[in-house]
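Laboratory data are not the source of any read-out in this text; all were calculated from the coordinates shown. Bear in mind that the values here come from a model prediction, so they are computed numbers and not experimental data. Cβ atoms come from the backbone with ideal geometry, glycine included; neighbour counts cover every protein chain shown.
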Amino acid sequence: MNAQATATTKPTWQPSAITRHLALLEAHAPISKRVLQAGQHLYHAVDTFDRLFIVGTGMCKTTEVSRDGREQVVAVHFKGDWIGLGGIAAGRYGCDAIAMDTCEIWSVPYDALLASCARTPALLEVLHLAMSRELLRERATMLALCTLPADARVAEFLRWWASELDERGMRTDCLRLPMSRAEIGNFLGMTLESVSRAFSRLARSELIRFTDRSRRDIEIPALAALGDFSRRCIADRDGAEVALH
């Protein structure tokens, strides 16, 4: 989710690459498709792993339940993202996968996918890219949670979201977030109040604007300015820590 991780993943996942990968998958693997509405489950954490899923359109989230019973958002998946990769090692899906809006989900039996990869080496490369992208996503999320101040987390979250849309050829100057402030806080390891204050500070700084339609519709005049804001937050925090010592 940080700038370095975004820059690292972008060259191999441009809109043309996503379209090409989906076309390759559809041409050489036994794909089935289904439409999910917002809130519907793709699979549950207790389900036996037997297939992988790819987002054809729309968005999904994956969630885990903590020991105290709280739902934790662990990832958001956009068009072209693969879901369920963690089940390969465990033999079971390790989380719930839930549609965030109306979306088309592709699925392919894992054994059949391996057979297709053996016949079509380019398909194996697509699978490896999906696995690598998932690892980069997890690393970027951990870096954001462990190193960024609260306001910078929200700024980088918005910048990351816009970057994901940009890689898919979609507009980035106005984001429609299908997540509540509470869900964003859950994803970023922040309280609802901290997320709300961060959004308010970003708006007062004129880095974002809320539209008349909804507080979930956010205009971003300049993505680069969000990055500058994050760097200032980090510098201010580091300066304060030095002063204390």
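For region 151-245, the set of trypsin sites (Lys or Arg not before Pro) satisfying both a DSSP loop assignment and a count of at most 11 other C-beta atoms within 10 Å is given as Arg171, Arg213.
Kindly provide the Kirkwood hydrodynamic radius of region 3-143 in Å, to one decimal, from all pairs of distinct alpha carbon atoms.
The answer is 15.5 Å.
About its Cα centre, the dipole of region 27-138 is roughly 160 debye, where the only charges are +1 on Lys and Arg Cβ and -1 on Asp and Glu Cβ. Stretching the chain fully between Ser180 and Asp166 yields a gain of 2.8 nm (0.36 nm per residue, less the alpha carbon separation). Database remark: amide H of Thr57 closer than 5 angstrom to the amide H of Glu104 (H placed geometrically; neighbours at sequence offset of 5 or more, or on other chains; Pro and chain starts carry no H).
Per-residue ellipticity at 222 nm computed for the chain from its helices equals -16000 deg cm²/dmol, with DSSP H segments shorter than 4 residues left out and the rest contributing -39,500 (n - 2.57).
Dipole of the chain, Cα-centred, from +1 at each Lys and Arg C-beta and -1 at each Asp and Glu C-beta, to the nearest 20 debye?
Here the chain has a charge dipole of around 240 debye.
Residues of region 161-179 falling in the label zone of Thr211, defined by backbone nitrogen less than 15 Å from a point 7 Å along Cα to beta-carbon, are 162, 170-179. Helix 15-28 and the longest principal axis of the Cα set of the chain meet at an angle near 20°.
Taking a Cβ cut-off of under 13 Å around Asp217, the surrounding Lys, Arg, Asp and Glu residues balance to a net charge of +3, with basic ones at +1 and acidic ones at -1.
Subtracting the Cα-Cα distance of Tyr110 and Ala122 from 0.36 nm times their residue separation leaves 2.7 nm of extension gain.
Convert 37 °C to kelvin, take the viscosity as 0.692 mPa s, use the Kirkwood radius over C-alpha pairs of the chain as Rh, and evaluate the Stokes-Einstein diffusion coefficient in µm²/s, rounded to a whole number. Translational D for this selection: 172 µm²/s.
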